[in-house]
Amino acid sequence: MLPMAVAADGSAAGRASTQPRGYNVHNVMTGLDVLVDQRFQPIAGCRVGLVTNHTGVTRRLRDNVALLGDAIDVTLTALFAPEHGLLGVEQAGARVGDATERRTGVPVHSLYGANRCPTQEQLSGIDVLVFDIQAVGARYYTYLSTLRLVLYAAAETGAGVLVLDRPNPLGGLCAEGFPAFDEECRSFVSCAPMPIRHGLTVGEFARWVVAVEGLDVALEVAPMHGWRRDMSFEDTGLPWVAPSPNMPSAATARAYPATCLLEGTNCSEGRGTTLPFEVFGAPWVDAYALADRLNARNLAGVKFRPTSFTPTFSKHAGEACEGAQLHITDAAEFAAVRCGVEILRALMDCCAEFEFIGRADRRMVDLLLGTRSVREALEGGAAPADIHADWARRERAFAQGAGEHWLYPHG
């Protein structure tokens, strides 16, 4: 049993909250750092399946594959890689094949190819699945979906699950963006009824899933040391390793919950530029009109600057686009998902060419939001304030329930 672990039933939930008040900037240890500090004793004698990618590094950038491969009394049996692959180089949505990790010779099973869930055959002979991936704090981002399916697979086979916890780059105090969840819109980018900005670490999310969905799985979490819910990622002192090709910085992650909604439209969300998710637009956008319209909304914590760009790939590749750059002026005040709805409204109002994309019965924006209601309201001419008028009630209810699974104190 992990000396510093927290069981899924909450029996040790208070342990991670015994840190002294206040924190030292640049002093956070991830769950992997803690496990290394413990010389891997919590998994000694175990055959391990490691669910990870290139973000699974210590604060000194030592990678978990090499560390576990060299660990005494630990047998690294298999690797499982999420979207973007083990090395994080595949673009969004690209199918990833199985491979072999060249240093260790260990097989790499893709969880974003033929299968998105480990199979019973792949889990045969594995005692514990260790999950160590940096997520970005938004429900759209598929690493949480992978974790959820890993928990289900482990419940079926009897393998244990150890989550090595990492910071939520968006902080742990805000649950924001929770339209009514439609079960028919559940998908890999909307895996559970929860706010889009959920305020949970990956370890806390795992605990929440096990409790809410009633999974019978031996889950443990190796908590971080030194992290507090009010920390920005920059406060942690940890290195930012881009968790996917279009997430180059923590600033990108802060903008992502707003502008990711543009993935469901014919407007570029900035892929193929040096500022993905921070710039957006299209060849048929008037940059000045769009920025003026958005700035006139006086949204808290954000300003919009007219800009132009030419994507090198993805939507409108090679075409000169006009649009806006989103500048977050106060991250604590910025309501990202509500801002995303404002951006959709502004584009619909000033661009006749704007449209939602995807099959008529399965619009991409519906899958991102987990509901048809937001798109349908926008198409009916509704104002953003009317669309999100009932979100706060669901956000409060989620925060209250999810708080039972928190492992870290308030700021």
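The values are calculated or read from the model by the stated rules, or taken from the named source; none is laboratory data. What you see is a predicted model, and the numbers here were worked out from it, not measured in a lab. Methodologically, a virtual Cβ is constructed for each residue, glycine included, from the backbone with ideal geometry; neighbour enumeration extends over all protein chains shown.
Please specify each residue of segment 254-286 satisfying the condition of being of a type outside the set (S, T, Y), outside any loop (DSSP other than H, G, I, E, B) and in contact with a strand residue (DSSP E or B) (Cβ under 8 Å, 6 or more places away or on another chain).
R254, A255, P257, A258, C260, L262, G264, V279, F280, G281, A282
Considering segment 287-331 alone, what residues qualify as being touching a Pro at 6+ places or on another chain (Cβ under 9 Å), outside any strand (DSSP E or B) and closer than 23 Å to A383 by Cα?
Hits for segment 287-331 are A287, Y288, A289, L290, A291, D292, R297.
If you go through segment 129-148 one residue at a time, how many are under 20 Å from V337 (Cβ atoms) and part of a loop (DSSP other than H, G, I, E, B)?
7
Of all residues in segment 116-128, which are part of a loop (DSSP other than H, G, I, E, B) and touching a Cys at 6+ places or on another chain (Cβ under 8 Å)?
D127
Which count do you get for residues in segment 209-225 that are buried (at least 22 other Cβ atoms within 10 Å of the Cβ) and within 30 Å of D330 (Cβ to Cβ)?
So the count comes out to 2.
Considering each residue of segment 14-38, count those that are modelled with pLDDT under 95 and either surrounded by fewer than 17 Cβ atoms within 10 Å (Cβ to Cβ) or among the hydroxyl-bearing types (S, T, Y) (or both), and give that number.
Total meeting the criteria: 13.
Hey, can you tell me all the residues within segment 152-196 that are basic (K, R) and either touching a Phe, Trp or Tyr at 6+ places or on another chain (Cβ under 8 Å) or more than 30 Å from V36 (Cα to Cα) (or both)?
R186
Step by step: first the residues of segment 293-329, then only those that are in contact with a strand residue (DSSP E or B) (Cβ under 8 Å, 6 or more places away or on another chain) and charged (D, E, K, R), then the one that is nearest to A94 (Cα to Cα). Which residue is that?
K315
From the set of residues in segment 133-151 that are touching a strand residue (DSSP E or B) at 6+ places or on another chain (Cβ under 8 Å) and of a type outside the set (S, T, N, Q), which is farthest from D33 (Cα to Cα)?
Y140
Conditions first: (1) in contact (Cβ under 8 Å) with a residue 24 or more places away in the chain; (2) exposed (fewer than 15 other Cβ atoms within 10 Å of the Cβ); (3) aliphatic (A, V, I, L, M). A94 passes all but one, so which condition is the exception?
(1)
Taking the condition of being more than 16 Å from A211 (Cα to Cα) and either assigned to a helix (DSSP H, G or I) or among the aliphatic types (A, V, I, L, M) (or both), how many residues in segment 381-402 meet it?
Residues in segment 381-402 being more than 16 Å from A211 (Cα to Cα) and either assigned to a helix (DSSP H, G or I) or among the aliphatic types (A, V, I, L, M) (or both): 13 in total.
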